[in-house]
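Student: Have a look at this one.
The values are calculated or read from the model by the stated rules, or taken from the named source; none is laboratory data. Since we're looking at a predicted model, the values are computed, not measured. Reconstructed Cβ throughout: ideal geometry from the backbone, glycine too, with neighbour counts over all protein chains shown.
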There are 2 protein chains.
Amino acid sequence: MTTIHLRNLDIVTLDEQGTIHRQADLVVADGFITHLGQAPDTLQADEIIDASGRVALPGLVNAHCHSPMTLLRGWAEDMYFPEWLPKVWRAENQLTGPDIYWGAALAACEMIRTGTIAFNDMYFFMDRVAEVVSESGMKAALTWGFFDPGDGTAVGPALEQTIEWIKATHARGNSRIKTYLGPHSPYTCSQTTLERVVEIAHELGQGIHLHLSESQEQVDQSLKRYGLRPVQHLNSIGVFEVPGGCIAAHTIYIDGQDIEILAKKGVCVPHCPITYMKLAMPFFSFKANLQAGVKMCLGTDGPASNADMDMFAVIRQTALTQKLLQVDPTMMPADTVLRLATQAGAKALGFTDSGVLKVGAPADLILVNLDAPHLRPVHNLIANLVHSAKGSDVTDVMVDGQWLMRNRELKTLDEDRILYEVETRAKALVERVKQ
Amino acid sequence: MTTIHLRNLDIVTLDEQGTIHRQADLVVADGFITHLGQAPDTLQADEIIDASGRVALPGLVNAHCHSPMTLLRGWAEDMYFPEWLPKVWRAENQLTGPDIYWGAALAACEMIRTGTIAFNDMYFFMDRVAEVVSESGMKAALTWGFFDPGDGTAVGPALEQTIEWIKATHARGNSRIKTYLGPHSPYTCSQTTLERVVEIAHELGQGIHLHLSESQEQVDQSLKRYGLRPVQHLNSIGVFEVPGGCIAAHTIYIDGQDIEILAKKGVCVPHCPITYMKLAMPFFSFKANLQAGVKMCLGTDGPASNADMDMFAVIRQTALTQKLLQVDPTMMPADTVLRLATQAGAKALGFTDSGVLKVGAPADLILVNLDAPHLRPVHNLIANLVHSAKGSDVTDVMVDGQWLMRNRELKTLDEDRILYEVETRAKALVERVKQ
């Protein structure tokens, strides 16, 4: 049993009482937190670390992304969505399994460096993303997405292949990897397809991860086709009542009845404000969702529409945009947004014990350097973490007691190799798309 | 004559053509850029630096801030403006000259670390801020602000003291420091006061820096008092026609006629989106301003309402918020916003040759590290700088050919001492305000 003793650090627990320890001890043994506050004098640790000037907090959870899209960072800029989407698709059609592996590896470097310990990913060639998760030491919920409008234009693996992949992934027995069924959205999958997915979810004990109600156009189309809004439509065919639960990304074009359904059925809703801003989607206030008890969480979305995978940027942006959209500076206080980015995301992904620092919880935590001019003085530690900290202030990342980063050095991934491979593959991609 | 030869770096010039050099040379001699692109073989440099993996761009200009307010970071969070303002004032009333010095020094550390080479500052005890500018090597426009509503409740120095300070500052002959006359705003200064300031501006050949049209309430009050909107009112008494020009921060509650006046009179308008978001001021789209030719530039505002002094955060936020507020993803393309944060700000502050990298310009430049996962691949260097770079990616900062930071080490300021003094003084301030 390996014991790590962190000394002299501040600890933002994010427990129910919002306890903050100052100049305290944090002890990790065999992957779990065993002491918090003061360690016993008799403690014999394998590793003793003086963490003065650091604050520990629960690791961040990126509740919706498309990690291999790092390869498309800067690919389609400052353009209207109807031009943006086909430009992105032209590139995605050319991506190979190895591209996916290296793109996801780049995302993992970026996420670890900015304090993310777990992510919820939807893309294709997810067997390759699983390799990255396995090697990096991160936790992840993985979804092999597919389009099947039922008109012969399906994209992605047949459902049967997805089932095989899910079974094979589970057979490998990595507790850090969870899987979801991935019909891309109700507007790219037919009702027949969605009904079949619900059946399989029940057979396999699986959850469903999809995109929902991202635009007025999608709402109008659903009303025309089914006489129901997208949320009502999915509800009518049982998508929200599958064993592993439903994660419905975005879900921003909703009305009061939709919100009631989402709350009642316990749907998790990852919110990705930077994408909504960059693509100019204006209606993403979620005050009513929170009041109704909808399980909100936060994500970066893919780097073709956000441009980075930094959850600290999403945290600050969530606080600022909710204040702005509600015209109310008291909206989204710092403590609330920090919980959305940690425990709410962890619960959504099924890592239910993560997201809080307490004895008995898995040691999924990050250290942030407070010895920096933009984090001083410390009148309000939580506000500083939300409104002044950057992802680059994270110095150390631990998952299940394993260091993924120490003093800003990645411990599980070969970053130089990854940067080289990504740059080379991105250049080759440009050439393939030109042809 | 000291000659510095930077090799193998990319260069974003922000010249009229938007020239980008790849793997190029940049030579600085005696504070000015002498070669850009390829250096002559015969060049004998005092310092040769391999800057592979770096991109040079013009240093950023923070066109409106209150630098000593770093001491109040996190002081008043998540609250309504009518509560926020008196809470901040209670603290400001207790600040001493040394507090101002150390608060501004902290801001200087933060600005240099995030790539800002010049700032436009309004506060009090500006003689102490001038010391920081002088020692740090930065450039600045300094304004000693005052309130004088003409009812005996004046705050700040008498105008005569301001004149003495301006004269004394000029007598010191530091070309890196400019001064402005600082009536806080038309709602805190009477017409008589403003008219006197205009007279003095003409006598001294000085510009005016103030706050303008920040809320509907201010507009209503001005209409009631003068029968004119704030912009019209200032225009009527010649504030926009003083020799050094007028910098009117914020100016967000404006109509078409106001915009026409601002454009015609060449008023510079620093825009501070993070403050507007944090304090929930929703109407700050400036598309019409740009179309009319208003001289827009960007600022952080004070750290009590923004929470940091990082212009990279302001750059990204400006792009994202303008897309959002206009519901148009083509608004504020990356190249445009980068120019607002560099040359537009430099011109506003009177450092007219800064903000572009070209032969003959002062060497006011920064280097950004591209060897980082969040800045790869490089499909679009400008978009990466705007939407993916963080202030912490800045590795080196040079002003007039002097290094203020090299490989993230500050060269002119004693950061450890500054962090210590600020924390000590912030704690003492808390005690004084309690009493």
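Student: Working only within segment B:1-34, note down all residues that are within 25 Å of the chain's Cα centre (by Cα) and among the acidic types (D, E).
Tutor: Correct list: B:D15, B:E16.
Student: Just need a number here: residues in segment B:225-281 that are within 30 Å of A:T318 (Cα to Cα) and among the β-branched types (V, I, T).
Tutor: Summing the residues that are within 30 Å of A:T318 (Cα to Cα) and among the β-branched types (V, I, T) in segment B:225-281 gives 6.
Student: Moving on. With (1) under 24 Å from A:A104 (Cβ atoms); (2) surrounded by fewer than 24 Cβ atoms within 10 Å (Cβ to Cβ); (3) touching a Leu at 6+ places or on another chain (Cβ under 8 Å); (4) not acidic (D, E) as the list, and A:L365 as the residue in question, which single condition is left unmet?
Tutor: Of the numbered conditions (1) under 24 Å from A:A104 (Cβ atoms); (2) surrounded by fewer than 24 Cβ atoms within 10 Å (Cβ to Cβ); (3) touching a Leu at 6+ places or on another chain (Cβ under 8 Å); (4) not acidic (D, E), the odd one out for A:L365 is (2).
Student: Scan (1) within 18 Å of the chain's Cα centre (by Cα); (2) surrounded by fewer than 22 Cβ atoms within 10 Å (Cβ to Cβ); (3) aliphatic (A, V, I, L, M) for the single condition A:V397 breaks and write down its number.
Tutor: So A:V397 meets the others, but not (2).
Student: Follow-up question, since we're still on this one. Can you pull out every residue in segment B:404-421 that is out of contact with any Gly (no Cβ under 7 Å at 6 or more places or on another chain) and buried (at least 18 other Cβ atoms within 10 Å of the Cβ)?
Tutor: Result: B:M405, B:L410, B:L413, B:E415, B:I418, B:L419, B:E421.
Student: Please go through segment A:187-206 and give me each residue that is over 13 Å from A:T162 (Cβ atoms) and small (G, A, S), ordered by number.
Tutor: Passing the criteria: A:S190, A:G205.
Student: Given the residues B:V399, B:V422, B:V433, which is the only one that is of a type in the set (V, I, T) and touching a Leu at 6+ places or on another chain (Cβ under 8 Å)?
Tutor: Sole residue among the options that is of a type in the set (V, I, T) and touching a Leu at 6+ places or on another chain (Cβ under 8 Å): B:V422.
Student: Which of the residues belonging to segment A:120-150 are within 14 Å of chain B (Cβ to nearest Cβ) and either within 20 Å of A:V88 (Cβ to Cβ) or surrounded by fewer than 24 Cβ atoms within 10 Å (Cβ to Cβ) (or both)?
Tutor: A:S136
Student: If you don't mind, another one. List pairs: first in segment B:1-28 and without any contact (Cβ under 8 Å) to a residue 24 or more places away in the chain, second of a type in the set (D, E), Cβ under 6 Å, 6+ apart or cross-chain?
Tutor: Note: pairs meeting the criteria are B:R22/B:D10.
Student: In segment A:48-98, how many residues are in the same structural domain as A:N8 (by TED's automatic domain parsing) and at positive phi?
Tutor: Looking only at that region, the number is 1.
Student: Moving to a separate point now. With respect to the numbered conditions (1) of a type outside the set (G, A, S); (2) in a helix (DSSP H, G or I); (3) farther than 30 Å from B:V314 by Cβ, which one is the sole condition not fulfilled by B:D151?
Tutor: Exception for B:D151: condition (2).
Student: Moving to a separate point now. Can you say whether A:A141 is under 28 Å from A:A158 (Cα atoms), assigned by TED's automatic domain parsing to the domain that holds A:I315 and assigned to a strand (DSSP E or B), as far as the supplied structure shows?
Tutor: Yes.
Student: Looking at segment B:368-377, which of the residues that are more than 7 Å from chain A (Cβ to nearest Cβ) and part of a loop (DSSP other than H, G, I, E, B) is nearest to A:I100 (Cα to Cα)? Step through it out loud before you land on a result.
Tutor: Of the residues in segment B:368-377, the ones more than 7 Å from chain A (Cβ to nearest Cβ) are B:368-370, B:372, B:375.
Applying the additional criterion that residues be part of a loop (DSSP other than H, G, I, E, B) yields B:370, B:372.
Working: B:L370: 22, B:A372: 19 Å.
Step by step, filter segment B:368-377, then rank; the result is B:A372.
Student: Looking at A:I200, A:I208 in this structure, which one is of a type in the set (A, V, I, L, M, F, W, C), within 13 Å of A:G238 (Cα to Cα) and surrounded by fewer than 22 Cβ atoms within 10 Å (Cβ to Cβ)?
Tutor: Just one listed residue meets the conditions, A:I200.
Student: Which members of segment B:311-357 meet the condition of being within 7 Å of another protein chain (Cβ to nearest Cβ) and either outside any helix (DSSP H, G or I) or farther than 30 Å from A:F81 by Cα (or both)?
Tutor: B:V327, B:D328, B:P329, B:T330, B:P333
Student: Confirm whether A:L181 is modelled with pLDDT of 95 or more and on the phi < 0 side of the Ramachandran plot.
Tutor: yes
Student: If you don't mind, there's one more thing I want to ask. Out of segment A:1-34, which residues are outside any strand (DSSP E or B), under 22 Å from A:K139 (Cα atoms) and not small (G, A, S)?
Tutor: Those that are outside any strand (DSSP E or B), under 22 Å from A:K139 (Cα atoms) and not small (G, A, S): A:M1, A:T2, A:T13, A:L14, A:D15, A:D30.
Student: Also, I was wondering about something else. Scan segment A:282-310 for residues that are among the small types (G, A, S) and within 11 Å of chain B (Cβ to nearest Cβ) and report the count.
Tutor: Initial filter on segment A:282-310 (among the small types (G, A, S)): A:285, A:288, A:292-293, A:299, A:302, A:304-305, A:307.
If we keep only those that are within 11 Å of chain B (Cβ to nearest Cβ) too, we end up with A:304-305, A:307.
Going through segment A:282-310 one residue at a time, the tally reaches 3.
Student: For A:L324, all conditions in the list (1) buried (at least 19 other Cβ atoms within 10 Å of the Cβ); (2) under 20 Å from the mean Cα position of the chain (by Cα); (3) farther than 19 Å from A:M311 by Cα hold save one; what is the number of the exception?
Tutor: Condition not satisfied by A:L324: (2).
Student: Looking at this structure, is B:V242 in contact with a strand residue (DSSP E or B) (Cβ under 6 Å, 6 or more places away or on another chain), surrounded by fewer than 24 Cβ atoms within 10 Å (Cβ to Cβ) and away from chain A (no Cβ under 14 Å)?
Tutor: Here the answer is yes, as B:V242 does meet what is asked.
Student: Identify, from the list B:T330, B:T336, B:T342, the residue that is over 18 Å from A:M277 (Cβ atoms), among the hydroxyl-bearing types (S, T, Y) and not assigned by TED's automatic domain parsing to the domain that holds B:L26. Step through it out loud before you land on a result.
Tutor: Details: B:T330 fails: over 18 Å from A:M277 (Cβ atoms); B:T336 fails: over 18 Å from A:M277 (Cβ atoms).
So the residue among B:T330, B:T336, B:T342 that is over 18 Å from A:M277 (Cβ atoms), among the hydroxyl-bearing types (S, T, Y) and not assigned by TED's automatic domain parsing to the domain that holds B:L26 is B:T342.
Student: May I pose another question? Would you call A:G115 more than 11 Å from chain B (Cβ to nearest Cβ), among the small types (G, A, S) and surrounded by fewer than 24 Cβ atoms within 10 Å (Cβ to Cβ)?
Tutor: Considered against the rule, which asks whether it is more than 11 Å from chain B (Cβ to nearest Cβ), among the small types (G, A, S) and surrounded by fewer than 24 Cβ atoms within 10 Å (Cβ to Cβ), A:G115 comes out as no.
Yes/no matrix, rows are residues, columns are (1) hydroxyl-bearing (S, T, Y); (2) in contact with a Lys or Arg (Cβ under 7 Å, 6 or more places away or on another chain); (3) modelled with pLDDT of 95 or more:
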position: B:P58; (1), (2), (3): no, no, yes
position: B:N62; (1), (2), (3): no, no, yes
position: B:P68; (1), (2), (3): no, no, yes
position: B:L71; (1), (2), (3): no, yes, yes
position: B:F81; (1), (2), (3): no, no, no
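Student: Only one residue in B:T192, B:T162 is of a type in the set (V, I, T) and either surrounded by 20 or more Cβ atoms within 10 Å (Cβ to Cβ) or under 24 Å from B:N93 (Cβ atoms) (or both), so which one is that?
Tutor: Answer to the check: B:T162.
Student: Give me the pairs, please: first residue somewhere in segment B:235-249 and more than 17 Å from B:G350 (Cβ to Cβ), second residue anywhere and among the basic types (K, R), beta-carbon distance under 8 Å, and either six or more positions apart or on two chains.
Tutor: Pairs that qualify, where the first residue is more than 17 Å from B:G350 (Cβ to Cβ) and the partner is among the basic types (K, R), are B:N235/B:K265.
Student: Spot the failing condition for B:A307; the list is (1) outside any helix (DSSP H, G or I); (2) surrounded by fewer than 24 Cβ atoms within 10 Å (Cβ to Cβ); (3) of a type in the set (A, V, I, L, M, F, W, C), and only one is missed.
Tutor: The one condition B:A307 does not meet is (2).
Student: A further question follows. For segment A:381-435: of the residues being among the polar types (S, T, N, Q) and part of a helix (DSSP H, G or I), which is nearest to the other protein chains (Cβ to nearest Cβ)?
Tutor: Top of the filtered list is A:S392.
Student: With respect to the numbered conditions (1) hydrophobic (A, V, I, L, M, F, W, C); (2) closer than 27 Å to A:R376 by Cα; (3) in contact with a Ser or Thr (Cβ under 6 Å, 6 or more places away or on another chain), which one is the sole condition not fulfilled by A:A29?
Tutor: Among (1) hydrophobic (A, V, I, L, M, F, W, C); (2) closer than 27 Å to A:R376 by Cα; (3) in contact with a Ser or Thr (Cβ under 6 Å, 6 or more places away or on another chain), A:A29 violates only (2).
Student: Select from segment B:291-304 the residues that are assigned to a loop (DSSP other than H, G, I, E, B) and on the phi < 0 side of the Ramachandran plot and list them in ascending order.
Tutor: B:V294, B:G299, B:T300, B:G302, B:P303, B:A304
Student: Which count do you get for residues in segment A:1-36 that are surrounded by fewer than 16 Cβ atoms within 10 Å (Cβ to Cβ), over 19 Å from A:T342 (Cα atoms) and either modelled with pLDDT of 95 or more or touching a helix residue (DSSP H, G or I) at 6+ places or on another chain (Cβ under 7 Å) (or both)?
Tutor: 4
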